[in-house]
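Student: Quick one: the structure is below, and I'll ask about it shortly.
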Amino acid sequence: MDNVDKVGQQLLLVGSSGGHLAQLLALKPWYETWQRCWVTFDTPEAVSLLAGEDLIPAYHPTTRNVRNLLRNALLAARVLRRRRIAAVVTTGAGVALPFVVLARLRRIPTVYIEVYDRIDTPTLTARLCRPFLSKMLVQWDEQRRQYPEATVVGTLL
């Protein structure tokens, strides 16, 4: 990603609030030179952690909620159409799926970072996003049993 022309382009960082967001925030040394926007839930914690950042609120809950999946798909289509997105980077969970799928269909690179606390089994969101990913990153060597194509980046937290 370092050789991508950054002028006028943004990283789109997508993640549920809580631990998923915390793991994305841990990437700050990597993304701080990029223009960026965030998609997460409009919770007091997320709003506080992302104060001063470009925040796009997503619809929640996402687990088993088809209505919010559709609403987030429309949100993803709108965001990806209106902004010059260089790449979508996500740690999941459910909010990530429509952004990853629609970004990939628009030939925007997609990067998924599997969460650090799922070592022996893949997350549902990672399994669903996997066919649409440009790159899969994991935090533990053991996670490569589920994702042999993944790159181990080490723990983020």
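Just so you know, all these numbers are worked out from the coordinates, no wet-lab data involved. Since the model is a prediction, treat every value here as computed from it, not as a measurement. Note: ideal-geometry Cβ built from the backbone for every residue, glycine included; neighbour counts use all protein chains shown.
Student: Below 8 Å between Cα atoms, with a sequence gap of 6+, how large is the relative contact order for segment 83-157 in percent? All intermediate terms of the calculation are to be shown ahead of the outcome.
Tutor: On the way: 124 pairs, mean separation 20.7, N = 75.
With pairs under 8 Å counted, the relative contact order is 28 percent.
Student: Please list, ordered by chain and number, the residues whose modelled amide H lies under 5 Å from the amide H of F41; skip anything fewer than 5 residues away on the same chain.
Tutor: S17, A58
Student: Grab the Cα-Cα distance for Q35 and E142, subtract it from 0.36 nm times how many residues apart they are, and report the gain in nm with one decimal.
Tutor: Between Q35 and E142, full extension yields an extra 35.2 nm.
Student: Relative contact order of the chain: what whole-number percent is it, with Cα pairs under 8 angstrom and at least 6 residues apart? Present the calculation step by step, with values, prior to reporting the outcome.
Tutor: Working: 282 pairs, mean separation 33.9, N = 157.
22 percent.
Student: Where is the GNM fluctuation largest for the chain (alpha-carbon springs, 10 angstrom cutoff): I113, I56, I85?
Tutor: Sorting by GNM fluctuation, first place goes to I56.
Student: Oh, and also: For every other residue with a beta carbon closer than 12 angstrom to the beta carbon of V39, add +1 if it is Lys or Arg and -1 if Asp or Glu, then tell me the sum. Walk me through the numbers on the way to the answer.
Tutor: Values: positive: R36, R78, R83; negative: D42, E53, D54.
Cβ neighbours under 12 Å give a net charge of 0.
Student: If you don't mind, there's one more thing I want to ask. Need one number: convex hull volume per residue for segment 1-140, Cα atoms only, in Å³.
Tutor: Working: hull volume 15.0 nm³, N = 140.
Measuring per residue, one finds 107 Å³ for the Cα hull of segment 1-140.
Student: Placing unit charges on C-beta atoms (Lys and Arg positive, Asp and Glu negative, everything else neutral), compute the dipole magnitude of segment 10-152 about its Cα centre in debye, rounded to 20. Can you show the working numbers first?
Tutor: On the way: 19 positive and 11 negative charges, 174 e Å.
Dipole magnitude for segment 10-152 comes out near 840 debye.
Student: Then there's this: Please work out how much length the chain gains when fully extended from D117 to E53, using 0.36 nm per residue of separation minus the C-alpha to C-alpha distance, in nm with one decimal.
Tutor: Working: separation 64, 0.36 × 64 = 23.04 nm, distance 2.67 nm.
Answer, rounded to one decimal: 20.4 nm.
Student: Another question, then. So, in nm, how far is label R78 from label D42 when the simple model puts each one 7 Å beyond its Cα toward the Cβ?
Tutor: According to this spin-label approximation, the distance is 1.1 nm.
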